[in-house]
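Below: one structure, written as structure tokens.
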């Protein structure tokens, strides 16, 4: 009788052990299946100061870039210059959309001339405001094979600061002040920035 009880106990223990081993094996297979494998010849590239947290959203314009040089300071200058150029291009594109939508929504004579005047002032504002950019990421690496330096930067500019600068500039222009409506311009600007944040 004791042998039969011992055998049952052993059987139950062995069954429990096999079930727990099977469950662990299933979990391991599941975790392995979740990790995608790169196709042959492809390697993941991780670029410093880039990724979703460095994208433009409805609050800030952002840009990132890199610069390479034998000199560390020159690499940083190149990276910053490239990032500023990218930021200016993105802002100019966005502001052109704002101005087009704003001008088209208003009852203005000679829309084309007014639109060109707005764009001209907008470019002046962008050129002035780029000095107010803030560096949000900066990393410098040394390339061991060449001895060169690579600098990675990400910069941002507040959308509201930019809007305030536009308001100040547009309000002071004698030709535009007659038809300029800040609240309507701000509403158009905010809508365009919201679209940027949803991309």
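For region 105-122, does any single residue satisfy the condition of being under 20 Å from the mean Cα position of the chain (by Cα), loosely packed, with under 15 Cβ neighbours inside 10 Å and not in a strand (DSSP E or B)? Write out each step before concluding.
First, pick out the residues of region 105-122 that are under 20 Å from the mean Cα position of the chain (by Cα): none.
Within region 105-122, not a single residue is under 20 Å from the mean Cα position of the chain (by Cα), loosely packed, with under 15 Cβ neighbours inside 10 Å and not in a strand (DSSP E or B).
Which one of these does residue 151 not meet: (1) surrounded by 13 or more Cβ atoms within 10 Å (Cβ to Cβ); (2) out of contact with any strand residue (DSSP E or B) (no Cβ under 7 Å at 6 or more places or on another chain); (3) within 23 Å of residue 56 (Cβ to Cβ)?
Evaluating residue 151 over (1) surrounded by 13 or more Cβ atoms within 10 Å (Cβ to Cβ); (2) out of contact with any strand residue (DSSP E or B) (no Cβ under 7 Å at 6 or more places or on another chain); (3) within 23 Å of residue 56 (Cβ to Cβ) leaves (2) as the failure.
Suppose we filter 134, 199 for residues that are closer than 20 Å to residue 63 by Cβ, exposed (fewer than 14 other Cβ atoms within 10 Å of the Cβ) and modelled with pLDDT of 90 or more; which single one remains? Please lay out each step first, then the result.
On the way: 199 fails: modelled with pLDDT of 90 or more.
134 is the lone residue from the list that is closer than 20 Å to residue 63 by Cβ, exposed (fewer than 14 other Cβ atoms within 10 Å of the Cβ) and modelled with pLDDT of 90 or more.
Results for (1) part of a helix (DSSP H, G or I); (2) without any contact (Cβ under 8 Å) to a residue 40 or more places away in the chain; (3) in contact with a strand residue (DSSP E or B) (Cβ under 7 Å, 6 or more places away or on another chain); (4) surrounded by fewer than 17 Cβ atoms within 10 Å (Cβ to Cβ), shown as yes or no for each residue.
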position: 38; (1), (2), (3), (4): no, yes, no, yes
position: 41; (1), (2), (3), (4): no, yes, no, yes
position: 46; (1), (2), (3), (4): no, yes, no, yes
position: 61; (1), (2), (3), (4): no, no, yes, no
position: 79; (1), (2), (3), (4): yes, no, yes, no
position: 83; (1), (2), (3), (4): yes, no, yes, no
position: 88; (1), (2), (3), (4): yes, no, no, no
position: 98; (1), (2), (3), (4): yes, no, no, no
position: 103; (1), (2), (3), (4): yes, yes, no, no
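The values are calculated or read from the model by the stated rules, or taken from the named source; none is laboratory data. If you're wondering where the values come from, they're calculated on a predicted model, not measured in any experiment. Using ideal geometry, Cβ is built from the backbone for each residue, glycine included, and neighbour counts are taken over all protein chains shown.
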